[in-house]
Amino acid sequence: MIQYVQVPVPQHLVPAVMALITQSAEEAPRSASWTEKELRKLWNESADNIRGTLIYLASHSDTAISGATLAREVMGKESKGHSIAGMMGAFGRRMKGRHKGRSPITAEYDGLVQEWRYSIASPEVAQAILRLAGV
């Protein structure tokens, strides 16, 4: 769930603060631009559960997959969405440390159904992952 914080800003500085926030969002690393070499490094460094996640998401690149579905498909029938949360947290920290915060996996929270949905960053990334996996 997204949490909001109130930050007191003098009224005359609100436009400057908003411009700064917008600029920061625009400068965020683009997840869709990955080279084959970068993806190969990511693949080689990844454990089987992340590889399975990458393959499943790449195979279903046209849709966002719920955490519960992803857990069942990658980790087994009895797994729930929170199983994926721990794995994705560790994966996200690795992406932050080794890949400048970029990730080939995008995650968005759907507040209406209160679940995370995961997808591959782009069709090109999906195709490259499937090639690396030999699928």
Any hit, the range 19-33, residues being surrounded by 13 or more Cβ atoms within 10 Å (Cβ to Cβ), outside any helix (DSSP H, G or I), hydrophobic (A, V, I, L, M, F, W, C) and modelled with pLDDT under 90: yes
Qualifying residue in the range 95-103 (condition: at pLDDT below 85 and hydrophobic (A, V, I, L, M, F, W, C)): no
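Report yes if residue 69 is within 26 Å of residue 134 (Cα to Cα), at pLDDT 80 or above, of a type in the set (Val, Ile, Thr) and assigned to a loop (DSSP other than H, G, I, E, B), otherwise no.
no
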Scan of the range 120-135 for residues that are closer than 21 Å to residue 49 by Cβ and either of a type in the set (Asp, Glu) or in a loop (DSSP other than H, G, I, E, B) (or both), ordered by number: 121, 134, 135
Top-ranked residue of the range 87-119 - restricted to ones that are of a type in the set (A, V, I, L, M, F, W, C) and in a loop (DSSP other than H, G, I, E, B), ranked as nearest to residue 73 (Cα to Cα): 113
Test result for residue 36, touching a helix residue (DSSP H, G or I) at 6+ places or on another chain (Cβ under 7 Å), closer than 28 Å to residue 3 by Cβ and not aromatic (Phe, Trp, Tyr): no
Residues (more than 19 Å from residue 125 (Cβ to Cβ) and touching a helix residue (DSSP H, G or I) at 6+ places or on another chain (Cβ under 6 Å)) located in the range 60-72: 67, 68, 71
Qualifying positions in the range 87-118 - of a type in the set (Gly, Ala, Ser) and more than 27 Å from residue 40 (Cβ to Cβ): 111
Some residue of the range 89-107 being in contact with a strand residue (DSSP E or B) (Cβ under 7 Å, 6 or more places away or on another chain), hydroxyl-bearing (Ser, Thr, Tyr) and crowded, with 20+ Cβ neighbours inside 10 Å: no
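The values are calculated or read from the model by the stated rules, or taken from the named source; none is laboratory data. Just so we're clear, the structure is a prediction, and the values are computed from it rather than from any experiment. Virtual Cβ from ideal backbone geometry, glycine too; neighbours counted across all protein chains shown.
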